[in-house]
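**Q** A single structure is presented below for examination.
The values are calculated or read from the model by the stated rules, or taken from the named source; none is laboratory data. Every value quoted in this text rests on a predicted model; they were computed, and no experiment measured them. Counting neighbours? That spans all protein chains shown, and the Cβs are built from the backbone with ideal geometry, glycine included. Only protein heavy atoms, including side chains, enter the accessible area calculation; ligands, DNA and RNA are left aside. Shrake-Rupley method; radii C 1.70, N 1.55, O 1.52, S 1.80 Å.
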Amino acid sequence: KLGRPLQWSICLLHANELPFKHLLEGLDGETSGPSSWTGPLAKAMMSADLTSLEVVQYTPIVSPNMPSVSANLEKRLSTDQMYLCKIVSAIGSGFCNEKLAKLMPGNVTNARWLTKANRLCRLYISTQHPSKTLVDLVTYIIMVYAPVWFTVKINHKITDGTQNYFLFIQLSRYLSDDQKKIVDPVILRNAFFCHSENILLAMLFDERAIVRSLAVQRILRSRKNITSTIIRKFEVPKIKPQCNRILRTH
């Protein structure tokens with residue numbers, strides 16, 4: 001209707017929540033209402049007064065890709081986001097202080113997946129013998145969900161979108177084949193930032209001169225090859241999750 005092509009930029013924080021949602025539902029059980037679940041683990045994290053649970057000696061789960069959160073970024077984080085940052089650090093170190101143990105991990109509704117991640121982490125540090133499902137979900141939060149969340153908060157420009165999404169894909173490759181069958185379809189249908197237009201946009205602002213030059217060359221070449229007046233439609237590209245690079249520079 002506008003008669004011109006549009007750039008499609010999605011919220012990567014929301015995109016980051018969708019695979020976690022599907023993984024939780026796939027491993028534990030689906031939702032049964034606005035704030036209710038069918039799975040035993042989800043029911044436990046929702047019904048329990050988590051702040052009253054004693055912290056046990058739990059097995060640390062360390063994320064090598066969790067970015068450093070600066071003081072300036074901390075000022076811009078919500079209470080729930082700051083809780084995630086602290087609980088991920090506590091799980092990585094194997095120690096949770098009393099102040100954090102008594103903090104509320106946030107209310108639960110099916111529109112707030114951040115607080116579900118917080119609650120699962122809080123439940124983990126109070127579970128003497130965690131189930132495989134709980135370990136798998138908390139590991140995903142530590143290894144993928146939290147690092148991507150804070151990377152996006154740090155690098156939040158549209159020109160960072162392609163690199164952020166590529167990081168998301170890379171970090172999720174540790175999952176088992178069965179878990180990838182749950183997560184990968186969600187990744188594939190939300191790969192807006194893997195579109196060639198968004199990749200070129202990221203390339204134009206790359207720190208490497210050779211990549212910026214390559215982007216300009218490809219844009220100019222594409223403009224010369226335009227032979228149709230039909231407005232191109234923005235479609236989510238088909239990608240391979242197992243890819244190990246965004247582009248070749250030689």
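**Q** Determine the shape class of the stretch 16-146: with a ≥ b ≥ c the square roots of the Cα gyration tensor eigenvalues, call it rounded for a/c under 1.5, and otherwise prolate if a/b is greater than b/c, oblate otherwise.
**A** rounded
**Q** Once ligands and nucleic acids are excluded and a 1.4 Å probe is used, how much of residue 62 is accessible, expressed in Å² to the nearest 10?
**A** 90
**Q** Relative to the longest principal Cα axis of the chain, at what angle does helix 209-224 sit, 0 to 90 degrees, rounded to 10?
**A** That helix lies at roughly 50 degrees to the long axis.
**Q** Can you give the helix-only mean residue ellipticity at 222 nm for the chain, where every DSSP H stretch with n ≥ 4 adds -39500 (n - 2.57) and the sum goes over all residues, rounded to the nearest 500 deg cm²/dmol?
**A** Result for the chain, helices only: -15500 deg cm²/dmol.
**Q** Taking all protein chains as present, what is the carbon and sulfur share of the accessible area of the stretch 24-125, in % to the nearest whole number, probe 1.4 Å?
**A** About 51 percent, which is the carbon plus sulfur part of the accessible surface.
**Q** What whole-number value in Å² describes the accessible area per residue of the chain for a 1.4 Å probe?
**A** Result: 56 Å² per residue.
**Q** For a protection proxy built on the mean count of beta-carbon atoms within 10 angstrom, sort 196-209, 106-119, 218-231 highest first, please.
**A** For the peptides 196-209, 106-119, 218-231, the packing ranking is 106-119, 196-209, 218-231.
**Q** Per-residue counts of other Cβ atoms within 10 Å, averaged by peptide: what ranking do you get for 146-152, 125-131, highest first?
**A** 146-152, 125-131
**Q** While we're on this one: Relative to the first principal axis of the alpha-carbon coordinates of the chain, what is the inclination of helix 113-124, with its axis defined by its Cα atoms, in degrees from 0 to 90 and to the nearest 10?
**A** 40
**Q** Under the rule of at least 5 residues apart or a separate chain, name every residue whose amide H is placed under 5 Å from the amide H of residue 37.
**A** 32
**Q** What percentages, rounded to whole numbers, describe P(r) for the chain computed over all alpha carbon pairs with 10 Å bin width beginning at zero?
**A** Going out from 0 Å in 10 Å bins, the chain shows 6, 28, 32, 19, 10, 4, 1 percent.
**Q** Take the residue pairs 116/153; 43/102; 86/157; 116/238 and return only those whose Cα atoms are more than 22 Å apart.
**A** Correct reply: 86/157; 116/238.
**Q** Right, something else. Determine one quarter of the surface area of the Cα convex hull of the stretch 154-250, which equals its mean projected area, and express it in nm² to one decimal.
**A** Orientation-averaged projected area of the Cα hull: 7.7 nm².
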